[in-house]
1. May I ask what percent, to the nearest 5, of DSSP beta bridges between residues of the chain are antiparallel?
2. Going by a ≥ b ≥ c, the root eigenvalues of the Cα gyration tensor, does the stretch 1-101 fall in the rounded group (a/c under 1.5), the prolate group (a/b larger than b/c) or the oblate group?
3. Can you compute the helix-only [θ] at 222 nm over the chain? Use -39500 (n - 2.57) per DSSP H run of at least 4 residues, normalise by all residues, nearest 500 deg cm²/dmol.
4. State the extension gain, in nm to one decimal, for the chain segment bounded by Thr8 and Ser176, taking 0.36 nm per residue of separation less the distance between their alpha-carbons.
5. Grab the alpha carbons of the chain, take their convex hull, and tell me the volume per residue in Å³.
6. Can you compute the FRET efficiency between Arg21 and Ser80 using 1/(1 + (r/R0)^6), with r the Cβ-Cβ distance and R0 = 25 Å? Round to the nearest 0.05.
7. Fully extended, how many nm does the chain gain between Arg212 and Val186 (0.36 nm per residue separation, minus their Cα-Cα distance)?
8. Can you compute log10 of I(q)/I(0) for the stretch 107-206 with the Debye formula, treating each Cα as one identical point scatterer, at q = 0.10, 0.18, 0.21, 0.22 Å⁻¹?
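No lab work stands behind these numbers, since they all come straight from the coordinates. Computed from a prediction, not measured in an experiment: that's the story for all the values here. Positions of Cβ are generated from backbone atoms using ideal geometry, with glycine treated the same way; all protein chains shown enter the neighbour counts.
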Amino acid sequence: MPLRGSGTEKDYRANAAACERAAVIDAGAHSPIRLVAGFTLSRIQMKPNTVGSIGDWTGEYVIGSAVGEVFKEAGLSGLSLEPVTNPKTGLPHEGYFQIYSKDILAAATIDCSVERVRSRFQEEDGHLRHLGCLSYPAVALVSRPDFSRTAEPWNGWHGWPSWVVTARVVSAFKQSKCRGWHFRPVLTTESDLYSQYISQWQQLCSAVAQTRKSQFDGGRW
């Protein structure tokens with residue numbers, strides 16, 4: 001969920017500058033990504049057991065102290081907690097942290113649930129956009145940390161990668177009644193479920209292609 005009380009124009013400029021300073025990473029996918037830390041927020045209004053998004057244009061999140069304790073007690077790997085600066089004091093917001101991971105997955109499987117964006121905006125035209133579930137060969141997910149980022153900028157045209165977490169994260173989050181994060185399945189390409197998934201997507205793509213009035217809603221991904 002978006003953070004209430006945050007997102008001033010000054011915050012946006014500071015956070016956009018942090019994004020520009022972050023290194024562009026070629027992780028072997030169709031487009032590079034950025035892993036950004038050092039965010040600024042004038043105010044944070046959310047409960048300690050909540051996750052909130054940093055603006056509506058980033059793929060990054062702030063967690064309250066209770067969520068941080070849940071993750072720590074569960075011994076989850078691949079995660080660091082970064083400070084979020086209050087520009088009025090120049091100090092970190094007490095009890096709130098940005099979640100950060102430098103662990104990047106291999107490139108995801110490109111199948112019929114992925115389309116190429118056609119847009120009037122040059123920065124996104126021609127890029128791939130993910131419409132369904134993330135899918136990987138099973139070997140790509142073996143011995144991975146509990147928190148990882150995708151090799152693709154699936155989470156927005158600024159280069160934001162998506163988050164991928166293990167079932168351990170989902171279990172700890174839900175059992176502790178934390179709020180603000182929702183989870184979608186990640187499929188393995190060898191599974192029967194993936195075969196069913198692809199079959200349904202093929203039917204959908206065929207139905208959309210058969211009429212000129214139907215299309216996937218692309219652009220500003």
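1. Numbers: 20 of 27 bridges.
Just about 75 percent of them are antiparallel.
2. Values: a/c = 1.88, a/b = 1.11, b/c = 1.70.
Cα axes put the stretch 1-101 in the oblate bin.
3. Details: 4 runs with 49 residues, N = 221.
My calculation for the chain gives -7000 deg cm²/dmol from helical runs alone.
4. Details: separation 168, 0.36 × 168 = 60.48 nm, distance 3.17 nm.
Contour length minus Cα-Cα distance gives 57.3 nm.
5. Once divided by residue count, the hull of the chain is 135 Å³.
6. Working: r = 18 Å, r/R0 = 0.73.
So, using R0 = 25 Å, E works out to roughly 0.85.
7. Details: separation 26, 0.36 × 26 = 9.36 nm, distance 3.17 nm.
Here the answer is 6.2 nm.
8. For the requested q values the scattering log ratios are -0.33, -0.99, -1.20, -1.25.
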